[in-house]
1. Within segment 23-51, how many residues turn out to be under 30 Å from Val64 (Cβ atoms) and among the aliphatic types (A, V, I, L, M)?
2. For segment 114-140: of the residues being modelled with pLDDT of 85 or more and β-branched (Val, Ile, Thr), which is nearest to Leu99 (Cα to Cα)?
3. Can you tell me which residue within segment 1-56, out of those that are in contact with a helix residue (DSSP H, G or I) (Cβ under 9 Å, 6 or more places away or on another chain), charged (D, E, K, R) and not in a loop (DSSP other than H, G, I, E, B), is farthest from Phe149 (Cα to Cα)?
4. Please name all residue pairs, on different chains or six or more residues apart, with Cβ atoms under 6 Å, provided the first residue is in segment 33-46 and is without any contact (Cβ under 8 Å) to a residue 24 or more places away in the chain and the second residue is loosely packed, with under 15 Cβ neighbours inside 10 Å.
5. Exactly one of (1) at pLDDT 80 or above; (2) within 30 Å of Leu153 (Cα to Cα); (3) not assigned by TED's automatic domain parsing to the domain that holds Ala119 is unmet by Gly87. Its number?
6. Of everything in segment 1-51, what is farther than 26 Å from Ser63 by Cβ, modelled with pLDDT under 85 and aliphatic (A, V, I, L, M)? Give them in sequence order.
Amino acid sequence: MRLSDILSAGFLLVFGLVLYFLIIPDQIGSQSWGGLAPDFFPRLIARLLLILTALLLAVQLISVWRRAPHTEAAMLPIRLPELAFIGAASIVLMVAYLLMREVGYIVAAMFIIAAAGVAMGSVRRTLLQLPLMVFIAPAVIYLIFRYFFIIYLPA
């Protein structure tokens with residue numbers, strides 16, 4: 001586990017640096033005529049990625065330096081339900097991306113909230129709660145971004 005953590009942290013560190021210094025400046029403009037700059041959130045996410053990756057790399061390298069015992073034997077392999085959940089979440093995110101590209105933020109957000117509500121078991125609690133969240137939350141978030149942050153999401 002330690003070697004895979006070091007290798008993945010090294011890869012993510014390189015990816016984060018490329019993202020921060022090459023991809024974001026090239027693909028996203030930094031000029032804004034009101035509200036937050038368009039590159040604010042991508043740069044924030046890239047910074048968080050770099051900080052957390054550097055922390056992971058540092059922790060693993062310190063444990064190698066101290067010759068701490070490996071914890072691989074204590075780790076259980078991923079089971080089929082967890083793997084199925086990860087696969088389903090990946091499919092939901094891909095469908096949401098396609099929906100957002102084709103029909104806009106509100107419909108994609110409704111789909112994501114409905115899928116998350118079903119995954120978390122909200123349907124079993126209240127039949128009224130999930131539809132209210134599916135239809136009202138995306139509209140409220142859209143209005144907050146549009147009129148408070150002055151960021152136009154694709155409708």
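The values are calculated or read from the model by the stated rules, or taken from the named source; none is laboratory data. From a predicted model like this one, the values you see are computed outputs, not experimental measurements. Heads up, the Cβs are rebuilt from the backbone with ideal geometry, glycines too, and the neighbour counts pull from every protein chain shown.
1. Number of matching residues: 6.
2. Within segment 114-140, the match that is nearest to Leu99 (Cα to Cα) is Val134.
3. Only one residue tops the list, namely Arg2.
4. Qualifying pairs under 6 Å: Ala37/Ser30; Pro38/Ile28; Pro38/Gly29; Asp39/Ile28; Asp39/Ser30; Pro42/Ile28.
5. For Gly87, the exception is condition (3).
6. Result: Ile28, Leu36, Ala37.
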